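Chemist: Mind having a look at this structure? Questions to follow.
The values are calculated or read from the model by the stated rules, or taken from the named source; none is laboratory data. All of these numbers come straight from a predicted model, not from anything done at the bench. Every residue, glycine as well, gets a Cβ built from its backbone with ideal geometry; the counts of neighbours run over all protein chains shown.
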DNA sequence: CACCAGGAATGTA
DNA sequence: TACATTCATGGT
């Protein structure tokens, strides 16, 4: 945090651009923002955020950034819009599945119930489900990604192997604080991006 | 030209 | 459980 400062994840669209909100955690998310983040989590899978963001902006510009619009849009049309996010055929199809599932989610549901419903969607794995829980629904969930695993191995923080073991390690050794988890993960990503550029990264 | 980014599903041993 | 393969855009 001293090195990079707050990252303000998750960025949301505003006036045609993606905007970050460093240190602004008290404002509750609108339903539209929750959905946008949920969709963004799927689009960014194994794709640069820049390209995923372009896909998001295409959806927005086409007026297709809502569950019902996505559900009734022709598959070919969605494919064209999300093409920058890579794997566009898969993602167009899974976007519809996720949009359908989203209609059955509520901010009032317990975290475990939300996680179970999310994991039931084809195309949503552990990391994507937890990123949605943390960043869209603001639940105190420590999400694990490839950078986090690299950080653990490089500094020998733990010897967890599975996704669940890693998450358990962080959640048991840090205060269960949603804002802390939010920044912690974003800072790990920031570190990983810097580190892989300056060090060649053999992990 | 090669390499990879804010993964997940499917199949095999 | 541990790997391998498929998916298939853009930036560097």
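Chemist: Is it true that some residue in the range A:114-137 is within 16 Å of DNA strand C (Cβ to nearest atom), without any contact (Cβ under 8 Å) to a residue 24 or more places away in the chain, part of a loop (DSSP other than H, G, I, E, B) and within 29 Å of residue A:75 (Cα to Cα)?
Modeler: yes
Chemist: Do the conditions hold for residue A:107, that is, is it touching a residue at least 60 places away in the same chain (Cβ under 8 Å) and over 15 Å from the mean Cα position of the chain (by Cα)?
Modeler: The answer is yes for residue A:107.
Chemist: In the range A:158-189, how many are closer than 27 Å to residue A:20 by Cβ, more than 16 Å from DNA strand C (Cβ to nearest atom) and either at pLDDT below 95 or outside any loop (DSSP other than H, G, I, E, B) (or both)?
Modeler: Number satisfying all stated conditions: 14.
Chemist: Being modelled with pLDDT under 95 and not in a strand (DSSP E or B) is the filter; apply it to the range A:9-19 and report the residue that is surrounded by the fewest Cβ atoms within 10 Å (Cβ to Cβ).
Modeler: The qualifying residue surrounded by the fewest Cβ atoms within 10 Å (Cβ to Cβ) is A:15.
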